[in-house]
Amino acid sequence: SAVISQKPSRDICQRGTSLTIQCQVDSQVTMMFWYRQQPGQSLTLIATANQGSEATYESGFVIDKFPISRPNLTFSTLTVSNMSPEDSSIYLCSVWEQGPGELFFGEGSRLTVL
Amino acid sequence: GESVGLHLPTLSVQEGDNSIINCAYSNSASDYFIWYKQESGKGPQFIIDIRSNMDKRQGQRVTVLLNKTVKHLSLQIAATQPGDSAVYFCAENKRSNFGNEKLTFGTGTRLTIIP
């Protein structure tokens, strides 16, 4: 199974600033996704990170707020822009592996906005 | 809108007993269902999955049952252990217009194993 590393694991940020979260996978994967998990809640898909093209965003999420990069098949970044306390969440990177047909998750990046 | 939801937000079970976690889904077109376990401070971990052409699948100490008639999914954990304490999510597969594999997650059930 894919090993997914996320950085930072946690951070405390000030309102109005931006933070970039990195996701590194130990193997090449076609499909990478970014999820948000608000405190005590379930996971919500933000976007699909497409290699070499613009990310595909879900309803309620926009590129200006959550710009995503996917320069190659093993790496992606998610930026949370102009943060407010409502952005305090765990942000999770995930990859779909066709072989086992499973979605694997990183450990998540816990973001607190003051 | 279509959604995946859980019947109970919390469940406490005596160690050694069996537990059942339930999930209702509303998209009859979903063809793939998965249970995930999330321990505190960690990402979700795959437990077991089932395709819509099956009604039961067994793993090690876990069984997933699918009732397509009433759109109901359950996870049975046998002989529970303290390490089973976690939040459990069901998820359904919805193919996007782009053909990608996307999952919709339910609200989660927190399972607590009482020693």
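Highest mean first, what order results for A:82-88, B:54-60 on Cβ atoms within 10 Å?
Working: A:82-88: 13.7, B:54-60: 11.7.
Going from most to least packed, we get A:82-88, B:54-60.
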Residues of region B:11-33 with amide N under 15 Å of the 7 Å Cα→Cβ point at B:ALA79: B:15-19
By average C-beta atoms within 10 angstrom, highest first, the peptides A:43-53, B:72-82: A:43-53, B:72-82
Distance cut-off 13 Å, percentage of C-alpha pairs in region A:56-111 lying past it: 70
Relative contact order (%) - criterion: Cα under 8 Å, at least six apart; region: chain A: 37
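Can you give me the Kirkwood hydrodynamic radius for the protein assembly as shown, using every pair of distinct Cα atoms, in Å to one decimal? Walk me through the numbers on the way to the answer.
Values: mean 1/r = 0.0549 Å⁻¹.
After inverting the pairwise mean of 1/r, the radius is 18.2 Å.
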Within 10 Å of each Cβ in A:27-38, the average number of Cβ atoms from other chains: 2
Per-residue mean of C-beta atoms belonging to partner chains within 10 Å, peptide A:103-110: 4
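With 16 Å as the cut-off, how large is the P(r) tail for chain A, expressed as percent of Cα-Cα pairs? Numbers along the way, then the final one.
Numbers: 3583 of 6441 pairs.
Counting pairs separated by more than 16 Å, the tail of P(r) holds 56 percent.
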Chain B - convex hull of the alpha-carbon atoms, volume per residue in Å³: 105
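A short reminder: the numbers here are calculations on the coordinates, not readings from a lab. Only a predicted model underlies this, so the values are computations on that prediction, with no experimental measurement involved. Methodologically, a virtual Cβ is constructed for each residue, glycine included, from the backbone with ideal geometry; neighbour enumeration extends over all protein chains shown.
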